[in-house]
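To start, the structure itself, in structure tokens.
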Amino acid sequence: MDRSLAPSKSLPAIKRRQAKGIWKDYQLYMLLILPIAYFILFKYVPMYGAAIAFQDYSIFKGVTGSEWIGLENFRELFKMEQFYVVVRNTLMLNFLDLIVSFPAPIILALLLNELRVAWFKKTAQTLLYLPHFISWIIIGGLVYQMFANNGGLVNNVVTSLGFDSIPFLTEKNHWLLVYLGTGIWQSAGWGTIIYLAAMTGINKDLYEAADVDGAGRLKKMWHITLPGIRPTIIVMLIMQLGHIMTIGFERPFVMGNTLVMDYAEVISTFVYKAGLQSAQFSLATAMGLFQALVGLFFVVISNTIAKRFGEQGIW
Amino acid sequence: MHAKQRKWFVTSAAVVLLASVLSACGNSNDNNSTNTSDASTSEGAANTNKEKVTLKVEVFDRGNAPAGAGPVTDNFWTQWIQTNFGDPNNIKLEFVPVPRNQEVDKLNVLMATGDAPDLVFTYDMNTIYNYVKDDGLIDLTSLIENAPNLKKFLGDEVLNYGVFNDKQYTIPAKRPLQYTQSTYIRKDWLDKLELPVPTTTEQFYETMKAFKEKDPGQTGGKVIPYDFSSLDNTSITSPFVLVNSFVNKMSEEEFYSLTSSSYIPEITKPGYKDGVQYLNKFYQEGLINPDFALDKDGKQFESDVANGYVGAFTALAAHPNLMAPGKVFDTLKQNVPGAEYIAIDPFTDEEGKTPKSIYDPIGMHIMIPKTSKHAAEAIKYLDWMSQSDVLFTLQNGMEGQHYTLENGFPKAITTDEAKKTFYNNTDIAIIANGKDFGSIEKDIEATSYQFPGYEEIAKQSIQNALKDGYSMPRFDRPIESEIKYGTTLKAKAYEIVVKSILAKPDQFNKIFDDGVKEYLKLGGQAIQDERLAAYQEMKK
């Protein structure tokens with residue numbers, strides 16, 4: 001690679017060499033055809049559908065037959081008051097989620113990493129992973145049974161102690177706490193996997209050296225483990241920031257109710273209501289496209305910042 | 001050696017690739033050939049072509065198939081239809097399941113992919129307007145001329161509901177009984193407290209207070225005197241009969257412009273606010289379920305009723321979820337011996353009447369998508385179904401196996417064995433929404449026989465639900481702004497009502513009034529204006 005870029009070679013020579021390289025490894029490139037075909041077929045081809053954001057789309061005329069109307073859908077979108085509410089809610093829920101849910105798996109992984117009894121560690125990990133496999137529909141049911149005003153487990157305890165029941169699900173700020181807490185419960189255990197994997201890659205010599213220097217557990221965590229997984233943390237953070245405009249559909253939809261719509265109506269639920277339920281497909285697609293653009297913006301920004309701070313980034 | 005291995009690996013990969021490409025080609029060839037043959041059959045329908053036509057028919061899937069019964073797509077009745085209609089006409093029927101509570105979403109997807117069944121249907125008017133506007137439906141005006149049984153069964157009034165822009169775009173199902181909701185109350189609780197059956201709103205309130213204070217069911221404080229579930233759902237219960245009874249008399253013009261279709265709460269009608277405030281009073285005094293907004297599928301409501309916690313509720317009359325064998329009322333009887341509900345009609349207006357909105361004389365709209373190549377067969381199927389003996393069998397089953405005749409009316413047999421071959425027949429007999437025996441009295445009686453053990457309450461609930469009923473005003477053209485803002489406004493109106501019911505008394509006015517202002521701004525005003533214009537145009 002380095003040699004081919006050496007200044008002594010002329011440009012055609014480099015091209016020839018590259019072509020020769022492809023020819024030499026043609027078998028490997030052939031193997032690559034399948035995955036590339038997959039991405040083109042299932043990731044890029046469907047993107048032509050995004051065109052309906054610029055159309056007055058009719059489901060019967062299809063993408064090719066519908067009338068082109070330029071940015072009219074976006075204009076209408078930005079005029080809707082609801083648009084700003086759902087964007088604000090999406091950013092707010094995701095940002096708060098980032099603050100409380102992002103550190104959780106790191107802390108958990110640090111704790112798990114310190115466990116020395118193998119069977120206990122294994123069991124604890126398995127139990128922590130489990131919530132990840134429960135669908136949001138079921139979690140929604142569990143939350144209702146736990147936190148309802150009338151007959152919810154938690155409020156039964158609260159009222160039997162002589163206090164007023166707490167409107168966990170019917171008052172928007174309480175609901176927010178439940179929403180965030182459920183997120184941690186569901187995802188923290190699963191999130192530890194990647195950090196634990198990163199921790200196994202840390203050179204054991206460092207810990208031994210620290211032992212010799214008389215460092216305690218906390219010191220070792222702070223000065224060896226955490227810096228050791230810093231690149232992983234940064235990459236995870238960038239990916240999370242890229243998702244700050246995208247929000248899963250199930251969690252807000254299942255956990256939300258009429259009383260907390262001020263917070264629970266987010267982009268995904270709005271797209272569902274406007275797009276599938278009222279058949280305003282163009283408007284919903286415009287919303288989705290806008291969301292993707294903002295998401296891209298966040299990824300680029302955070303990646304650039306990460307590079308400024310001397311980290312690797314994701315490209 | 002190494003190179004050899006690699007070569008072998010690559011060759012095998014290439015073979016796999018090639019094989020998959022070939023098989024894909026083969027499949028598409030197969031598809032093409034069947035398609036062309038289908039088309040040729042439908043063109044020459046009279047020909048005794050050996051090729052079968054596949055007719056795809058939408059069917060609701062309510063996820064309620066009993067153990068041992070087949071799914072909605074393949075069961076006793078789909079086979080019966082195949083034998084009695086399909087085979088003689090050289091048609092292969094295929095039933096396409098659509099989840100009941102996502103029917104509109106699923107239908108839109110089916111229509112957009114061009115893969116919709118030949119017969120589709122929906123209750124949602126906005127969806128129908130959209131399809132008509134986008135020219136996605138086959139004009140059936142001339143086709144139904146070939147369907148004498150269908151025309152005779154539905155009649156002109158019903159068929160007229162399916163005419164848009166002077167063309168017959170949909171075939172509305174006939175709804176012989178237009179009832180919606182009735183109120184139910186625990187008879188054994190009334191007896192225990194020696195209270196009369198409430199006949200006015202005021203009496204109803206007093207009764208609910210007594211239920212709360214004296215807890216006649218000994219629920220240990222779990223009593224819910226008046227229960228309903230979240231408003232933004234498809235469940236069977238709501239408090240809107242109570243709320244609507246507070247609405248004042250209006251001029252016809254006001255009635256046309258302030259009403260909304262597609263079940264948007266009509267919060268701008270004069271007096272509506274008082275009704276919501278009355279429910280707020282209920283909430284303050286602990287007479288309703290404070291968690292109603294969380295019960296999004298109505299299951300909590302059903303379980304509370306079945307557990308004997310609920311004093312009264314307003315729900316669809318004569319509904320299977322309550323009265324069918326093994327459902328809520330049966331479970332209640334097991335849980336609380338002696339528990340019994342009766343149907344009442346207590347919510348009186350300023351004139352002492354008990355007004356409530358009822359259905360149009362039609363059920364869902366049946367449509368044939370433009371993409372369908374089998375419109376003729378689809379109409380033939382509906383025509384076949386309209387014959388009185390066929391419809392009777394589809395609605396009631398086989399004599400001796402699914403029903404016995406009592407006073408000339410079919411009475412359902414409710415053994416587990418019978419249920420295995422009879423559970424979704426109302427969803428199969430799509431052209432009728434209820435049984436038609438010629439007069440309202442007979443229809444009510446016949447409907448009540450569907451619920452053995454609950455004939456009386458079924459009958460009474462239907463009578464209550466029809467009393468002083470009014471149906472929605474009808475325009476001869478769709479209200480465009482309602483199509484556009486409908487979904488958003490519906491969610492907003494529900495939010496306003498729910499928040500007002502659960503408001504602190506001193507904040508009630510502010511929450512409701514601000515809500516109405518916002519509602520009007522979000523498109524409510526536009527709808528009213530357009531409705532008013534359409535009304536004046538129509539009266540010219």
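The values are calculated or read from the model by the stated rules, or taken from the named source; none is laboratory data. What you are looking at is a predicted structure, and each value in this text was computed from that prediction instead of being measured. All Cβ positions, glycine included, derive from the backbone under ideal geometry; neighbour counts span all protein chains shown. Please note that ligands, DNA and RNA were not included when accessible areas were found on the heavy atoms of the full protein model with its side chains. Shrake-Rupley method; radii C 1.70, N 1.55, O 1.52, S 1.80 Å.
Can you spot a residue in the stretch B:243-250 that is open to solvent by 30 Å² or more (accessible area, probe 1.4 Å), away from chain A (no Cβ under 14 Å) and aliphatic (A, V, I, L, M)?
Yes, the stretch B:243-250 has at least one match.
Looking only at the stretch A:261-297, which residues are over 30 Å from A:Ile69 (Cβ atoms) and more than 9 Å from every other protein chain (Cβ to nearest Cβ)?
Once the filter is applied, which keeps residues that are over 30 Å from A:Ile69 (Cβ atoms) and more than 9 Å from every other protein chain (Cβ to nearest Cβ), the stretch A:261-297 yields A:Tyr263, A:Ala264.
Can you tell me which residue within the stretch A:241-260, out of those that are assigned to a helix (DSSP H, G or I) and more than 14 Å from every other protein chain (Cβ to nearest Cβ), is surrounded by the fewest Cβ atoms within 10 Å (Cβ to Cβ)?
In the first step, residues of the stretch A:241-260 are kept if they are assigned to a helix (DSSP H, G or I); the result is A:241-242, A:250-255, A:258-260.
Narrowing further to those that are more than 14 Å from every other protein chain (Cβ to nearest Cβ): A:241-242, A:251.
Values: A:Leu241: 22, A:Gly242: 19, A:Arg251: 22.
It comes out as A:Gly242.
Which residue is surrounded by the fewest Cβ atoms within 10 Å (Cβ to Cβ), if the candidates are limited to the stretch B:476-515 and must be part of a helix (DSSP H, G or I) and β-branched (Val, Ile, Thr)? Can you show your working first?
Filtering the stretch B:476-515 for residues part of a helix (DSSP H, G or I) gives B:480-501, B:505-515.
The next check asks that each one be β-branched (Val, Ile, Thr); those that pass are B:483, B:487-488, B:496-498, B:501, B:511.
Values: B:Ile483: 21, B:Thr487: 20, B:Thr488: 22, B:Ile496: 22, B:Val497: 24, B:Val498: 23, B:Ile501: 26, B:Ile511: 18.
Across the stretch B:476-515, the extreme among qualifying residues is B:Ile511.
Residue-by-condition table, conditions (1) open to solvent by 10 Å² or more (accessible area, probe 1.4 Å); (2) within 14 Å of chain A (Cβ to nearest Cβ); (3) not in a helix (DSSP H, G or I):
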site	(1), (2), (3)
B:Asp156	yes, no, no
B:Pro172	no, no, yes
B:Gln178	yes, no, yes
B:Tyr184	no, no, yes
B:Glu202	yes, no, no
B:Glu206	yes, no, no
B:Lys209	yes, no, no
B:Glu213	yes, no, no
B:Gly221	yes, yes, yes
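Which one of B:Gly298, B:Gly326 is open to solvent by 20 Å² or more (accessible area, probe 1.4 Å), at positive phi and assigned by TED's automatic domain parsing to the domain that holds B:Ala458? If you could, list the steps in order and put the result at the bottom.
Details: B:Gly298 fails: open to solvent by 20 Å² or more (accessible area, probe 1.4 Å).
Going through B:Gly298, B:Gly326 in turn, the sole match is B:Gly326.
Which residue, of A:Ile233, A:Ile244, is over 30 Å from A:Lys172 (Cβ atoms) and in contact (Cβ under 8 Å) with a residue 40 or more places away in the chain?
Numbers: A:Ile244 fails: over 30 Å from A:Lys172 (Cβ atoms).
Testing whether each residue is over 30 Å from A:Lys172 (Cβ atoms) and in contact (Cβ under 8 Å) with a residue 40 or more places away in the chain leaves just A:Ile233.
Say we look at the stretch B:212-251 and pick out the residues that are among the acidic types (Asp, Glu) and touching a residue at least 12 places away in the same chain (Cβ under 8 Å); which of these is nearest to B:Glu351 (Cα to Cα)? Don't jump to the end; show me each part of the working.
As a first pass, look at the stretch B:212-251 and keep what is among the acidic types (Asp, Glu): B:213, B:215, B:227, B:232.
With the extra rule that they be touching a residue at least 12 places away in the same chain (Cβ under 8 Å), the set shrinks to B:227, B:232.
On the way: B:Asp227: 26, B:Asp232: 30 Å.
Among those that are among the acidic types (Asp, Glu) and touching a residue at least 12 places away in the same chain (Cβ under 8 Å), it is B:Asp227.
When you check B:Glu518 against the structure, is it open to solvent by 30 Å² or more (accessible area, probe 1.4 Å) and within 14 Å of chain A (Cβ to nearest Cβ), yes or no?
Spelling it out, B:Glu518 is indeed open to solvent by 30 Å² or more (accessible area, probe 1.4 Å) and within 14 Å of chain A (Cβ to nearest Cβ).
Can you say whether A:Val300 is assigned to a helix (DSSP H, G or I), away from chain B (no Cβ under 12 Å), out of contact with any Gly (no Cβ under 7 Å at 6 or more places or on another chain) and without any contact (Cβ under 8 Å) to a residue 24 or more places away in the chain, as far as the supplied structure shows? Show your work before the answer.
On the way: assigned to a helix (DSSP H, G or I): yes; away from chain B (no Cβ under 12 Å): yes; out of contact with any Gly (no Cβ under 7 Å at 6 or more places or on another chain): yes; without any contact (Cβ under 8 Å) to a residue 24 or more places away in the chain: yes.
It is true that A:Val300 is assigned to a helix (DSSP H, G or I), away from chain B (no Cβ under 12 Å), out of contact with any Gly (no Cβ under 7 Å at 6 or more places or on another chain) and without any contact (Cβ under 8 Å) to a residue 24 or more places away in the chain.
Out of the stretch B:302-336, which residues are more than 19 Å from B:Ile462 (Cα to Cα), assigned to a loop (DSSP other than H, G, I, E, B) and out of contact with any Lys or Arg (no Cβ under 6 Å at 6 or more places or on another chain)?
Within the stretch B:302-336, the subset more than 19 Å from B:Ile462 (Cα to Cα) is B:302-311, B:326, B:330-336.
With the extra rule that they be assigned to a loop (DSSP other than H, G, I, E, B), the set shrinks to B:307-309, B:326, B:336.
Across the stretch B:302-336, the qualifying residues are B:Asn307, B:Gly308, B:Gly326, B:Val336.
Scanning for something in the same structural domain as B:Gly63 (by TED's automatic domain parsing), out of contact with any Lys or Arg (no Cβ under 9 Å at 6 or more places or on another chain), open to solvent by less than 10 Å² (accessible area, probe 1.4 Å) and in contact (Cβ under 8 Å) with a residue 40 or more places away in the chain, does the stretch B:80-91 turn up at least one residue?
Taking every residue of the stretch B:80-91 in turn, at least one turns out to be in the same structural domain as B:Gly63 (by TED's automatic domain parsing), out of contact with any Lys or Arg (no Cβ under 9 Å at 6 or more places or on another chain), open to solvent by less than 10 Å² (accessible area, probe 1.4 Å) and in contact (Cβ under 8 Å) with a residue 40 or more places away in the chain.
As an exercise: evaluate B:Ile457 against (1) over 30 Å from B:Leu93 (Cα atoms); (2) assigned to a strand (DSSP E or B); (3) of a type in the set (Val, Ile, Thr) and give the number of the one condition it does not meet.
(2)
Which numbered condition trips up A:Arg116, out of (1) outside any helix (DSSP H, G or I); (2) loosely packed, with under 14 Cβ neighbours inside 10 Å; (3) within 14 Å of chain B (Cβ to nearest Cβ)?
Looking at each condition in turn, A:Arg116 falls short on (3).
Just wondering, is there one or more residues in the stretch B:480-503 that are away from chain A (no Cβ under 13 Å) and in contact with a Lys or Arg (Cβ under 6 Å, 6 or more places away or on another chain)?
no
Looking at the stretch B:372-395, is at least one residue open to solvent by 10 Å² or more (accessible area, probe 1.4 Å), closer than 30 Å to B:Gly298 by Cα and touching a residue at least 12 places away in the same chain (Cβ under 8 Å)?
yes
Do you know which residues across the stretch B:186-200 are more than 35 Å from the chain's Cα centre (by Cα) and part of a loop (DSSP other than H, G, I, E, B)?
The answer is B:Leu193, B:Glu194, B:Leu195.
Identify all residues within the stretch A:153-171 that are more than 16 Å from B:Asp295 (Cα to Cα) and facing another protein chain (nearest Cβ under 9 Å); write none if there are none.
A:Ser165
Give me the residue from the stretch A:35-59 that is at the interface with chain B (Cβ under 10 Å from one of its Cβ atoms) and out of contact with any helix residue (DSSP H, G or I) (no Cβ under 7 Å at 6 or more places or on another chain) and, out of that set, least open to solvent (accessible area, probe 1.4 Å).
Restricting to residues being at the interface with chain B (Cβ under 10 Å from one of its Cβ atoms) and out of contact with any helix residue (DSSP H, G or I) (no Cβ under 7 Å at 6 or more places or on another chain), the top hit is A:Ser58.
Just to be sure before I move on: is A:Glu208 in contact with a Gly (Cβ under 8 Å, 6 or more places away or on another chain) and acidic (Asp, Glu) in the structure I sent? Walk me through how you get there before you give the answer.
Values: in contact with a Gly (Cβ under 8 Å, 6 or more places away or on another chain): no; acidic (Asp, Glu): yes.
Answer is no for this residue.
Which residue is farthest from the other protein chains (Cβ to nearest Cβ), if the candidates are limited to the stretch B:116-154 and must be acidic (Asp, Glu) and more than 24 Å from the chain's Cα centre (by Cα)? Before you say what the answer is, go through the steps one by one.
Going through the stretch B:116-154, the residues acidic (Asp, Glu) turn out to be B:118, B:124, B:134-135, B:139, B:145.
The next check asks that each one be more than 24 Å from the chain's Cα centre (by Cα); those that pass are B:134-135, B:139, B:145.
Values: B:Asp134: 4, B:Asp135: 6, B:Asp139: 14, B:Glu145: 25 Å.
Out of the qualifying residues, it is B:Glu145.
Looking at (1) open to solvent by less than 80 Å² (accessible area, probe 1.4 Å); (2) touching a Pro at 6+ places or on another chain (Cβ under 9 Å); (3) of a type outside the set (Gly, Ala, Ser); (4) in a helix (DSSP H, G or I), which one does A:Ile238 not meet, given that it meets all the others?
Failing condition for A:Ile238: (2).
If I go through the stretch A:137-152 residue by residue, how many of them are open to solvent by 50 Å² or more (accessible area, probe 1.4 Å) and more than 8 Å from chain B (Cβ to nearest Cβ)?
Here the count works out to 5.
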